[in-house]
1. State the answer as a single residue: which of LEU79, VAL92, LEU38 lies farthest towards the positive end of the charge dipole of the chain, with beta carbon charges of +1 for Lys and Arg and -1 for Asp and Glu, about the Cα centre.
2. What net charge do the residues around ILE63 carry, taking every other residue with its C-beta under 15 Å from that of ILE63, with Lys and Arg at +1 and Asp and Glu at -1?
3. Quick one: net charge of ALA21's neighbours, Cβ under 14 Å, K/R +1, D/E -1?
4. Let me have the relative contact order for the stretch 74-154, percent, based on Cα pairs under 8 Å that are six or more residues apart.
5. Return the FRET efficiency for the residue pair GLU68, TYR23: r is the Cβ-Cβ distance, R0 is 25 Å, and the value is rounded to the nearest 0.05.
6. Name the longest site-free stretch of the chain, where the excluded sites are GluC sites (Glu not before Pro) in a DSSP loop with no more than 15 other beta-carbon atoms within 10 Å.
7. Can you give the relative contact order of the stretch 1-149 as a percent, counting alpha carbon pairs under 8 Å and 6+ residues apart?
8. If you take the charge dipole of the chain about its Cα centre, with +1 on Lys and Arg Cβ and -1 on Asp and Glu Cβ, which of VAL105, GLN8, PRO132 is farthest toward its positive end?
Amino acid sequence: MAFPQESQTDDSYYDSINIQAGYQLNFEGPNDRNFHLLDVGIHKLRYGGRHGSGFQYGISTEIGLNTESFILGPKVTGLIYYQILVLGNELVTYTDFDSWSLRYVPIFGIGGNGFSLTLRPQVILTNDNFKPVNKIGAHLSAVIPLFKEKMTRN
């Protein structure tokens, strides 16, 4: 004979708006040294459920901390979470205000609704001669919720 047990876990879904802060070590590339980038942005996140899944999308910018000239990389990002697996992509435009380069970046790693550790190889789409950063980034980020709302079921 078996008796069902009530779950003590929260299987609800949540919507939240978050500030994201991250650090990226940029390596393996045409440059002779590694670069350090600061990543700051705002994202919308929907997550929850029994198996801990969700998706996130938003805008942010990367700022070069030790690049040869001042580099900004505004970008749009989309991520999908399932348990601890993170998959996604982003489109980033690096600029030093004299030249620019558009790049597609697939994202693979581990994480969840509060943090992620990902590997981000870059595919150069335009201006192959402008190489302000290297080709692969190891990225660590955390999100700080500004607003969180529990989803209601219809």
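The values are calculated or read from the model by the stated rules, or taken from the named source; none is laboratory data. Because the structure is predicted, anything quoted here is derived from the model rather than measured. Quick reminder, even Gly has a Cβ in these numbers, built from the backbone with ideal geometry, and neighbours come from all protein chains shown. Accessible surface is based on the protein model in full, side chains and every heavy atom, while ligands, DNA and RNA are left aside. Shrake-Rupley method; radii C 1.70, N 1.55, O 1.52, S 1.80 Å.
1. About the Cα centre, the residue reaching furthest to the positive side is LEU79.
2. Surrounding charge for ILE63 is -3.
3. On the way: positive: none; negative: ASP39, GLU62.
My count for the surroundings of ALA21 gives -2.
4. 23 percent
5. Working: r = 19 Å, r/R0 = 0.77.
Efficiency, from the Cβ-Cβ distance: 0.85.
6. Values: sites that count: GLU6, GLU28, GLU68.
Answer from the scan: 69-154.
7. Taking the mean separation of contacting Cα pairs over the length of the stretch 1-149, I get 25 percent.
8. Toward the positive end, the furthest listed residue is GLN8.
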